[in-house]
Amino acid sequence: MWLSESSKVYEALGDYVHSLCHSQYLGTARGSAVVYGEHRVSLTAEGDLPFISVFYSHCELEVISVDGENALSVRMKPESVSYDGPSGAIEIVFPEMDGVLVVTLMGNRGLFRTIKGAVESCGKRRGRREFISSVLAEPVP
């Protein structure tokens, strides 16, 4: 389904409200999201980092950010979650069609442990893959 930029923002907002009602809220932190593949594509606004909320449901992380006209909604199990103590950066890596989506949160060790624990509780189970971005021209299957 092709969506206009404003439709993607509204869909991401709908995902956020759905997650508030049906998922476990893990936390919110300022951060960024970048797709690394054939080209590097930033999915969040450059400059001031937007707030990114993280939820957990059915062995998937739900990462949602709506910042003005930029929107991002990802719902899938990540490949990895790591933490850099000195900088406080939490890095969540999701598989992507031609590369990886890296979500970096400026958090703390407590938020990292919460996210890591949620991901590890799933074991090897796989969930669905949903990815919406107001920046990308076409949807990611």
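Annotations
- Test: residue in the stretch 40-47 that is hydroxyl-bearing (Ser, Thr, Tyr), at pLDDT 85 or above and surrounded by fewer than 19 Cβ atoms within 10 Å (Cβ to Cβ): no
- Residue match in the stretch 66-81 (condition: free of Cβ contacts under 8 Å to residues at least 24 places away in the same chain and either among the charged types (D, E, K, R) or closer than 17 Å to His22 by Cα (or both)): yes
- Residues satisfying the stated conditions in the stretch 17-60, i.e. part of a strand (DSSP E or B) and within 20 Å of Asp98 (Cα to Cα): Ser32, Ala33, Val34, Val35, Tyr36, Arg40, Val41, Ser42
- Search result, residues across the stretch 102-131 that are at pLDDT 90 or above and closer than 13 Å to Ala33 by Cα: Val102, Val103, Thr104, Leu105, Met106
- Among the candidates Val93, Val81, residue that is under 10 Å from the mean Cα position of the chain (by Cα), surrounded by fewer than 21 Cβ atoms within 10 Å (Cβ to Cβ), within 25 Å of Gly123 (Cβ to Cβ) and of a type in the set (A, V, I, L, M, F, W, C): Val93
- Restricting attention to the stretch 49-78, the residues being among the hydrophobic types (A, V, I, L, M, F, W, C), surrounded by fewer than 21 Cβ atoms within 10 Å (Cβ to Cβ) and farther than 16 Å from Leu26 by Cβ number 1.
The values are calculated or read from the model by the stated rules, or taken from the named source; none is laboratory data. Note that the structure is predicted; figures quoted are calculated from it, not measured. Ideal geometry is used to build each Cβ from the backbone, glycine not excepted, and the neighbour counts take in all protein chains shown.
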